[in-house]
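These notes are about the structure you will find just below.
Coordinate-derived values only; no laboratory data. Since we're looking at a predicted model, the values are computed, not measured. With ideal geometry, Cβ positions are generated from the backbone for all residues, glycine too; neighbour counts draw on all protein chains shown.
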Amino acid sequence: MYDPMLMRDMKEAAERVLDAVAAEERIIIYGDYDVDGVTSVSSLYLYLKSLGADVGYHIPCRMTEGYGMSLSVIDRLRDEGCDLIITVDTGITAINEIKYAREIGIDVIVTDHHECHEGLPDAVAVVNPRRPDCPYPFKELAGVGVVFKLMCAVESLMNPEDSLAVCVRRISHEYCDLVALGTIADVMPVKDENRLIVSY
């Protein structure tokens, strides 16, 4: 497994997550409705709950909301006291929605694996191995694979006395079933880190 900190903005994302947990901020995971999105939401939700976070989630309705973030949902999340949105398997093209969220006082961390269009969202962190400026050596993680790397990064920052390998092993033991399910269902190539995740 590669060091998650090789991914652009990963350190900023992991530090903001830990700050939110410590400050008891309201965190909302904003996902997608396919298997990759649902396993991304599930694994991150369970992990943040294990840290004692005040966390909820929003998965759009395919029929009424469609794909991606919406301004009306962001308004509702603000009214419900949301301080931080973490997108999973979505968000890389939500430039206007994320700009709006920040204007009304909600920080956003983007985790995604889809191709980047021109420009990136103005988020606290944009974690996506397909970013043109991202040096991460494996570009074909599923959305849940990117979430897996975020959880490993948070775990390693929380436990500096442990080696990265120990932290990755701990996260793998708890969440690799969900990560493998999302990876296979999203038809990602079973090679490199994906092969390790699936075989474990």
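Descriptive notes on the structure:
- Prolate/oblate/rounded label for the range 41-116 (Cα gyration tensor, a/c 1.5): rounded
- Full extension of the chain between V73 and Y200 yields a length gain of 42.1 nm, computed as 0.36 nm times the residue separation minus the alpha carbon distance.
- Computed from the C-beta positions of E80 and D192 and an R0 of 41 Å, the FRET efficiency is 0.55 to the nearest 0.05.
- In degrees, nearest ten, helix 35-50 long axis to first principal axis of the chain (Cα): 90
- Sorted peptide list for 171-180, 8-17, criterion being average Cβ within 10 angstrom, highest first: 8-17, 171-180
- With a threshold of 26 Å on the Cα-Cα distance, the over-threshold entries among K49/K149; K99/K191; K11/K49 are K99/K191.
- Note on the chain: helix-only mean residue ellipticity at 222 nm, from DSSP H runs of 4+ residues weighted -39500 (n - 2.57) and normalised by residue number, equals -15000 deg cm²/dmol.
- In this simple spin-label model, placing a label point 7 Å from the Cα along the Cα-to-Cβ direction at both V166 and A22 gives a separation of 2.1 nm.
- DSSP beta bridge pairing in the chain, given as percent antiparallel to the nearest 5: 0
- Within the listed set E24, E80, E97, the residue fluctuating most in the Gaussian network model of the chain (springs between alpha-carbon atoms under 10 angstrom) is E80.
- Most mobile listed residue (D19, D112, D122) in the chain, GNM with C-alpha springs under 10 Å: D19
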